[in-house]
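Please read the structure below before turning to the comments.
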Amino acid sequence: MTPMPGAEPREPEDPAFDGTLREEDTAGQEAPASPVAARQPRRVTWQKVTVLPAVLAAVLVATWLWFEQADLDPLSENALSNGQVGKALRQHIELTVISTFFVLIIAIPLGILLTRGAFRKGAPVVMALANTGQATPAIGLLALLVIWMGIGEKAALTGIVIYAVLPVLSNTIAGLRANDPTLLEAARGIGMSPLGVLVKVELPLAVPLILAGVRTALVLNVGTATLATFGGGGGLGVLITTGITNQRMPVLMLGSILTVVLALLVDWLASLAELVLSPRGLEVRS
Amino acid sequence: MSETAATTGATIELDHLTKRYPGSGEPAVDSVNMEIQAGETVIFVGPSGCGKSTTLKMINRLIEPTSGRIRINGEDVTDIDPVKLRRKVGYAIQSSGLFPHMTVAQNIALVPKMIGWRKARVSARVEEMLDLVGLDPGEFHGRYPRQLSGGQQQRVGVARALAADPPVLLMDEPFGAVDPITRDHLQDELIRLQHELHKTIVFVTHDFDEAIKLGDRIAVLRERSHIAQFDTPEAILTNPADDFVSGFVGAGAALKRLNLTRVRDVEMADVPTVTVDDPLQLIFDKLRASGTNELLLLDKRHRPYKWLRRGDLMRARGSLARAGTLVHDTVTRDATLRDALEAVLTDNAGRVAVTGRRGEYLGVVDMETLMNSVHEMLEADRLDALEHQHELEEQRSQLTRHEQEGGSGEARA
């Protein structure tokens, strides 16, 4: 079926299933160029910034060159002309950005709420619900939503959001729970208010895990957004389905390549964000 | 609050303080009564699980008491806003409790910022606190906790607890996680700090030696935080209230007692001395005249130099440079009797010279003088403790009488 990078089924119970074990990451950790002597080694090295974009650019150039020399039949020509590729790409990015935004404003506050005293008991229930959201096959979920909400971008977006809430939610909860209770007691002990403890201590310390969840969700969203076409939501999925139904390999190829490149690009951006936003002081070891 | 005059301690009063966890029959802390004087260092010591930490955490209401009152400086704080209370009470815990994502300076600045100090004052205070706990502000200011050693982290933890100049400092096994040598240093530092600051410190530990070293008074707690004995270290060592306390004091109470007395408190013996400038004839005369076999030869600045015995000079053919044995160990007046005993035991002739601040000779302690003073000391302790116990018993009986009367009075009313 359609290529869905990062959307392979994962163990929902395992909070560590986030993107932290990706290859480029481990490679990056071996890379810190500056020795211990430098007090604050640079986190964003030039390798991290340049390698992946260069590879992706090469892939795009190769694809473009191939399409330049290929002679396409009218059907393919039709599917790719009139800026339809650009439109599909724009729609796809739109879907990803909007859905991620909603995922964040739903999942992070919910995660925070579910680790507060009285609501802690609700956590298993909500997690079970989020699990169902992700366990349901995305395409089935989308079909149901279209029946319910009608064809259009709205149904597609809702589907994507439901699908991606889980990783952010579970990582937020896991991140907040992983905080050392004695540290939180120390925070209260020196006179921080509950809100102060959350904002100044709990959240900053949970940032690495939360960001890892966000990164997973982003990549997931790029993949799931290809399905939006079935609900009339547009996106790169349009190219892919057109390619399949009309048996036109070039169209299918272009749709797939653009999706993969977009997913990898988003993942790369998220990895940079993780590096920049993780609080200093957590990474240093004496 | 002025910036120069530091706030000194406040009294703490625990009045029938009780903690009962839901679902368990026995209370975790059962009706603790205690009065802690301003500027006093009180140590809670007891086996693990005896409720000492719980009792401590009830003072700043990290654990809310089920019943009973807490008064700090006479003010009842049992029902005030706990956040406000905690900002006035310093709190330091094991393995420092520093926030790893904040620099040392940010950690220390937390409480002053929360109570609304101005920026300039906060940053001045941070430098001052780092200096106070013996860390170079320039070097440590911008470091993260994970870049520090355990001992350094603990110092920063204490600096953070003291940053807003609270009258009361609660310490929950603060030195439990550092190695013995560092712990020793940190204890010395705390003693020095307390000499300067005179805070009221409540300190929890399970290490009785730490308790003896740091405490003005020690509360030995048994299960449910019952106070087995609440007294000075001397009294607990020489006269433990019951088997539980003596079990906790452990073997060698008399040896531990030696840690509490300094050389300056005991009588020193005197040996005849000569200086290197004295003529040889005088030295010969003194040796012959003195009852002992020995002379202490002092150098030009009156520091102990050599032990001279009868016959040493003959063997060295009258040369002072070759005669006698060099003094290899001395103790100061501030050394504990334990240190002195150690020196006496390792000395081949069983005596050691005591020196003053500039190393000048003051006297000698030997086995005999040490024994005598220790005996006297222990005897005096015993008498003190007996007297003290009488007083306590009287107080207690008065209190029970009072309570009975009070109780019946209420019943009648």
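Throughout, read-outs are computed from the coordinates displayed, never taken from laboratory work. Computed from a predicted structure; not experimentally measured. Note that we place each Cβ from the backbone using ideal geometry, even for glycine, and neighbour counts take in every protein chain shown.
General observations
- Globularity index of the stretch B:9-62 is 1.20 (Cα radius of gyration / 2.2 N^0.38 Å, N = number of residues).
- Debye-formula intensities of the stretch A:227-267, expressed as log10 I(q)/I(0) at q = 0.16, 0.29, 0.30 Å⁻¹, are -0.38, -0.92, -0.95 (one equal scatterer per alpha-carbon, no solvent).
- Working note: Cα gyration tensor of the stretch B:119-202, eigenvalues times five, square-rooted, sorted largest first, giving semi-axes of 19, 18, 11 Å.
- Dipole check for the stretch B:12-252: with +1 at the C-beta of Lys and Arg, -1 at the C-beta of Asp and Glu, and the Cα centre as origin, the magnitude is about 1180 Debye.
- For chain B, the longest principal axis of the C-alpha atoms and the axis of helix B:367-412 are separated by about 20°.
- Taking label points 7 Å from Cα along the Cα-to-Cβ direction, residue B:317 and residue B:75 give a separation of 8.3 nm.
- Taking N as the residue count of the stretch B:1-107, its C-alpha radius of gyration divided by 2.2 N^0.38 Å amounts to 1.20.
- The stretch B:345-401 versus the stretch B:247-311: alpha-carbon centroid distance in Å: 20
- Fully extending the segment from residue B:84 to residue B:328 would add 82.1 nm, taking 0.36 nm per residue of separation and subtracting the current Cα-Cα distance.
- Size of electric dipole in the stretch B:130-181: Cβ of Lys, Arg +1 and of Asp, Glu -1, about Cα centre, debye, nearest 20: 160
- For the stretch B:12-252, dividing the convex hull volume of the Cα atoms by the residue count gives 129 Å³ per residue.
- A simple spin-label model places the labels of residue A:244 and residue A:77 2.7 nm from each other, with each point 7 Å out along Cα-to-Cβ.
- The HN-Hα couplings worked out from phi for the stretch A:74-80 by the Karplus form 6.51 cos²θ - 1.76 cosθ + 1.60 (θ = phi - 60°) are x, 5, 5, 3, 4, 6, 9 Hz, whole numbers, x standing for Gly and Pro.
- A:148, A:268, A:66 arranged by Cβ crowding within 10 Å, fewest neighbours leading: A:148, A:66, A:268
- Estimated inter-spin distance, residue B:310 and residue A:93, nm [label 7 Å along Cα→Cβ]: 10.7
- Interchain or long-range residues, amide H under 5 Å from residue B:333's placed H: B:355
- Förster radius 41 Å - calculated FRET efficiency between residue A:49 and residue B:121 (Cβ-Cβ, nearest 0.05): 0.45
- For the stretch B:110-186 and the stretch A:255-286, distance of Cα centres in Å: 36
- Taking the convex hull of Cα positions in the stretch B:243-298, its mean projected area over all directions (nm²): 6.3
- Fewest-first ordering of B:378, A:95, B:296, B:255 by other beta carbons within 10 Å of each residue's beta carbon gives B:255, B:378, B:296, A:95.
- Intensity falloff of the stretch B:264-370 expressed as log10 I(q)/I(0), Debye formula with alpha-carbon point scatterers, at q = 0.11, 0.12, 0.18 Å⁻¹: -0.33, -0.39, -0.85
- Of B:141, A:140, B:260, farthest towards positive along the dipole that unit charges on Lys, Arg, Asp, Glu beta carbons give the protein assembly as shown: A:140
- Options B:271, B:120, A:57, ranked by Cα towards positive dipole end of the protein assembly as shown, top entry (Cβ charges): A:57
- Under Karplus coefficients 6.51, -1.76 and 1.60, residue-wise ³J(HN,Hα) of the stretch B:157-170 in Hz, glycine/proline x: x, 5, 4, 5, 5, 9, 4, 8, 6, x, x, 10, 10, 9
- Lys/Arg +1, Asp/Glu -1 at C-beta; the stretch B:12-252 dipole; positive extreme among B:205, B:130, B:53: B:130
- Backbone N within the stretch A:242-286 under 18 Å of label point (7 Å from residue A:60 Cα along the Cβ vector): A:253-272
- Gyration tensor over the Cα atoms of the stretch A:90-277: the corresponding equivalent ellipsoid has semi-axes (square roots of 5 times the eigenvalues, largest first) of 37, 18, 11 Å.
- Kirkwood hydrodynamic radius (C-alpha pairs) into Stokes-Einstein, the stretch A:155-221, 10 °C and 1.306 mPa s, D in µm²/s: 122
- What the phi angles of the stretch A:251-261 give under the Karplus curve with 6.51, -1.76 and 1.60, with θ = phi - 60°, is a coupling list of 5, 4, 4, 4, x, 5, 4, 4, 5, 4, 4 Hz, glycine and proline written as x.
- Kirkwood hydrodynamic radius of the protein assembly as shown, Cα pairs, Å: 31.9
- Burial order of peptide ranges B:167-175, B:128-136, B:224-232 (average beta-carbon count within 10 Å, highest first): B:167-175, B:224-232, B:128-136
- Mean Cα-pair separation over length for the stretch B:12-252, i.e. relative contact order, pairs under 8 Å, 6 or more apart, %: 28
- Whole-Å semi-axes of the ellipsoid equivalent to chain B (Cα gyration tensor, √5λ, descending): 50, 30, 17
- When peptides B:81-92, B:114-125 are ranked by their average number of other Cβ atoms within 10 Å per residue, the highest-first order is B:81-92, B:114-125.
- With neighbour counts taken as other beta-carbon atoms within 10 Å, the residues A:215, B:303, B:160 rank, fewest first, as B:303, A:215, B:160.
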